[in-house]
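Asks: Got a structure here, written out as structure tokens. Questions coming.
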Amino acid sequence: MDEQVEHREDSETTQSQSRGGLKIISWLREIAESILPALAIVLVVNVFLAQATRVEGQSMEPNLHNNERLIIEKISYRLREPQRGDVVVIKRPSSSEPLIKRVIGLPGDRVEVRDGKVYINGHAYEEPYLDQETWGSYALETVPEEHVFLLGDNRRASNDSRSFGVVPFDDIIGRAWLRYWPLEELGPIRF
């Protein structure tokens, strides 16, 4: 009789452990079914559609400030070329950190910086978003096909095309689209 009771207890313990193992496997499967698709969606969005980035430094002041958070969209430049005035995020081979700059010169434009102004095709370029003159000089250059000439808005403190030259379209990660931090500055990027 004692053997039957022990056998029944062992059988119940084994069944209980088996049910516990099945619950854990079921729980893990539910987690995988929920998390894996979410991760795939995040990966697709980040690679092809949009990406969050942080403004580092003062090169885009007074319009963008250090530590502001932005969403950059990656679709428009698959459909059209960058436009003059766009604020773009670029990758630089010499740096792991992306840079945020403004598109000034387009393919075929003759760009020059002199006397505190930017000249495009011989005409002074009006930049109402600036609060200072453009320091330094840049000898007249024609922007090659599939390249842009970029400048930071804070011309006194910007590492831009004046120092590293024109930038190929392939180095543009995306266009600054939305500022989401700080919250009081939430909104689309428009200058």
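The values are calculated or read from the model by the stated rules, or taken from the named source; none is laboratory data. Just so it is clear, the structure is predicted and the values come from calculations on it, not from any experiment. All Cβ positions, even for glycine, are placed from backbone atoms using ideal geometry, and neighbour counts span all protein chains on display.
Asks: Output the residues belonging to the range 131-163 that are surrounded by fewer than 17 Cβ atoms within 10 Å (Cβ to Cβ), under 22 Å from the mean Cα position of the chain (by Cα) and modelled with pLDDT of 95 or more.
Replies: Glu146 - this is the single residue of the range 131-163 that is surrounded by fewer than 17 Cβ atoms within 10 Å (Cβ to Cβ), under 22 Å from the mean Cα position of the chain (by Cα) and modelled with pLDDT of 95 or more.
Asks: Report, ordered by the first and then the second residue, all pairs with beta carbons closer than 7 Å, sequence separation of six or more or different chains, a first member in the range 152-179 that is touching a residue at least 12 places away in the same chain (Cβ under 8 Å), and a second member that is part of a loop (DSSP other than H, G, I, E, B) and hydroxyl-bearing (Ser, Thr, Tyr).
Replies: Note: pairs meeting the criteria are Gly152/Ser59; Gly152/Ser158; Asp153/Tyr129; Asn154/Ser59; Arg155/Thr134; Ala157/Ser59; Ser158/Ser59; Asn159/Ser59.
Asks: Further question: Considering only the range 88-109, how many residues are within 15 Å of Arg175 (Cα to Cα) and charged (D, E, K, R)?
Replies: 3
Asks: Taking the conditions exactly as written (in contact (Cβ under 8 Å) with a residue 12 or more places away in the chain and not polar (S, T, N, Q)), does Glu133 satisfy them or not?
Replies: So Glu133 fits the description; yes.
Asks: When you go through Ile41, Ile72 one by one, which is the residue that is modelled with pLDDT of 90 or more, surrounded by 10 or more Cβ atoms within 10 Å (Cβ to Cβ), β-branched (Val, Ile, Thr) and closer than 30 Å to Leu99 by Cα?
Replies: Matching residue, one of Ile41, Ile72: Ile72.
Asks: If I filter the range 159-171 for residues that are within 22 Å of Asn67 (Cα to Cα) and assigned to a loop (DSSP other than H, G, I, E, B), do I get at least one hit?
Replies: yes
Asks: Working only within the range 45-81, note down all residues that are free of Cβ contacts under 8 Å to residues at least 12 places away in the same chain, over 14 Å from Ile189 (Cα atoms) and in a loop (DSSP other than H, G, I, E, B).
Replies: If the condition is that a residue be free of Cβ contacts under 8 Å to residues at least 12 places away in the same chain, over 14 Å from Ile189 (Cα atoms) and in a loop (DSSP other than H, G, I, E, B), then Asn66, Arg80 are the ones that fit.
Asks: For the range 167-180, indicate whether the set of residues that are exposed (fewer than 15 other Cβ atoms within 10 Å of the Cβ), within 20 Å of the chain's Cα centre (by Cα) and under 21 Å from Glu61 (Cα atoms) is non-empty.
Replies: Looking for residues that are exposed (fewer than 15 other Cβ atoms within 10 Å of the Cβ), within 20 Å of the chain's Cα centre (by Cα) and under 21 Å from Glu61 (Cα atoms), one finds at least one in the range 167-180, hence yes.
Asks: Okay, next question. Collect the residues in the range 96-126 that are touching a residue at least 24 places away in the same chain (Cβ under 8 Å), among the acidic types (Asp, Glu) and closer than 20 Å to Ser59 by Cα, keeping them in residue-number order.
Replies: Glu97, Glu112
Asks: Now, a different point. With the requirement that a residue be in contact with a helix residue (DSSP H, G or I) (Cβ under 9 Å, 6 or more places away or on another chain) and of a type outside the set (Asp, Glu), what does the range 119-142 give you?
Replies: Leu130, Gln132, Thr134, Trp135, Gly136, Ser137, Tyr138
Asks: Continuing with the same structure: Here's a check for you: in the range 168-191, which residue that is of a type in the set (A, V, I, L, M) and out of contact with any Phe, Trp or Tyr (no Cβ under 8 Å at 6 or more places or on another chain) is modelled with the lowest pLDDT? If you could, list the steps in order and put the result at the bottom.
Replies: Taking the range 168-191 first, the residues of a type in the set (A, V, I, L, M) are 172-173, 176, 178, 183, 186, 189.
Applying the additional criterion that residues be out of contact with any Phe, Trp or Tyr (no Cβ under 8 Å at 6 or more places or on another chain) yields 173, 176, 178, 183.
Numbers: Ile173: 93, Ala176: 95, Leu178: 92, Leu183: 89.
Filtering the range 168-191 for residues that are of a type in the set (A, V, I, L, M) and out of contact with any Phe, Trp or Tyr (no Cβ under 8 Å at 6 or more places or on another chain), the one modelled with the lowest pLDDT comes out as Leu183.
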